[in-house]
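Asker: Below you'll find the structure I mean.
The values are calculated or read from the model by the stated rules, or taken from the named source; none is laboratory data. Because the structure is predicted, anything quoted here is derived from the model rather than measured. So basically every Cβ, Gly included, is an ideal-geometry build from the backbone, and we count neighbours across all protein chains shown. Accessible surface is based on the protein model in full, side chains and every heavy atom, while ligands, DNA and RNA are left aside. Shrake-Rupley method; radii C 1.70, N 1.55, O 1.52, S 1.80 Å.
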Amino acid sequence: MSNTRIAIPMASVSPFPVLCSNPVSAKSTRSLDALCGGDADLQALVARGKRLIDKGIPVLILGETGTGKEYLSRALHAYSARRNGNWVAVNCASIPESLAESELFGYCKGAFSGALPGGMKGKVQQADGGTLFLDEIGDMPFALQTRLLRVLSEREVMPLGAAHPVRVDVQLICATHQDLQTLVAQGRFREDLYYRIAGGVLRLPSLRSRSDCRQLILQMIADELDLPAADDSHLAPLALQRMLAYSWPGNLRQLHAVIRYCCAVMNGSRIEVDDLPEELMLTQTPLPLASVSCVMPQAVAANIAAGDTVADERSRVIDALLGSRWNISAAARQLGMCRASLYRKLRQLQIPHVRDQTMPAYAA
């Protein structure tokens, strides 16, 4: 393997579905090592990815939404021996099921009414000699999973209307935020396909679990302000405290958006607490750990320490409301917060109060 380090643009972290085909340029990019930051777990993950990428082993990237799965896929491709080939991304959740087969496998001239006169190469063929990235593969239609399994097994693709299969050579990288083993148990994902794509599993950590969150925040500020490096002088202590206390349900994608917002609205050269977006302004200033157990039930304190996802937090709040028959005072005591904080939490989690006409009926 070459030791040349080629990297990827920050712009590849996008909240939108991606359908593209292009070699990854080395200009204005960061190295794969830059993904590691100061987090030991992420450093070990990237090191494992480097060992896998040129061994012909399919790679499965797991992680919550916004943790940088596409970013890591691009970086692995750019580091690999296939770097001069195409990196082709397909968001399996964004293609209509009726078009998915032709998009992936292509078609020949006259294959169906409305087909392009010269036919079309599918995404698999476009990635020949390079890397095929199947994002959100857990959302792939079940019928299409059977055809994909054959492509991976036989290393050939049969375009619609073709008389003979076409040989392909691709490095496969898949990604999903879902638990594929659960989907297999539910009969929604093929077990044989799971074992085919999960040759090497890389699980990206959530932002709230990363030990280098402060360093990452400052680095993003430096990038946005085009500085050699950012330090505490660019971020007010209270603003930093609120950022570190926030659970970041959108992970790196959300953090990047927040930093861009703050840098756009700040006055002067420092981000103040008033420059933070609304969701961070609603975050209560964290108490010292020693005092948490004095004001919160033990179970609630444990949940906060573990870092609830938005779905977990929403479920916990709804359970407390149902258990107290929507009595705000009783629910707030159960959750270990004051009434005002619970009302803010209801707005933040978009849970209507019982007095709202449009309140959905939550099942107990």
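Asker: What would the Debye equation give as log₁₀ I(q)/I(0) for region 142-240 at q = 0.10, 0.16, 0.17, 0.18 Å⁻¹, counting only Cα atoms as equal point scatterers?
Answerer: Treating every Cα as an identical point scatterer, log10 I(q)/I(0) equals -0.55, -0.80, -0.84, -0.90.
Asker: I would also like to ask the following. Roughly how big is region 175-231's charge dipole about its Cα centre, with Cβ charges of +1 (Lys, Arg) and -1 (Asp, Glu), in debye to the nearest 20?
Answerer: 400 debye
Asker: Heavy-atom accessible area of Val310 with all protein chains present, probe 1.4 Å, nearest 10 Å²?
Answerer: 60 Å²
Asker: Treating only the Cβ atoms of Lys and Arg (+1) and Asp and Glu (-1) as charged, compute the dipole magnitude of region 130-254 about its Cα centre; round to the nearest 20 debye.
Answerer: So the dipole magnitude of region 130-254 works out to roughly 440 debye.
Asker: Counting only the heavy atoms of the protein chains, how much of His234 is accessible to a 1.4 Å probe, in Å² to the nearest 10?
Answerer: That residue has around 30 Å² of solvent-accessible surface.
Asker: Can you tell me the FRET efficiency between Leu244 and Leu322 if r is taken as the Cβ-Cβ distance and R0 is 41 Å, rounded to the nearest 0.05?
Answerer: 0.80
Asker: Please compute the volume of the convex hull spanned by the alpha-carbon atoms of region 174-219 and report it per residue in Å³.
Answerer: Given the Cα convex hull of region 174-219, per-residue volume reads 94 Å³.
Asker: What is the Cα centroid distance between region 90-110 and region 179-240, reported in whole angstrom?
Answerer: 29 Å
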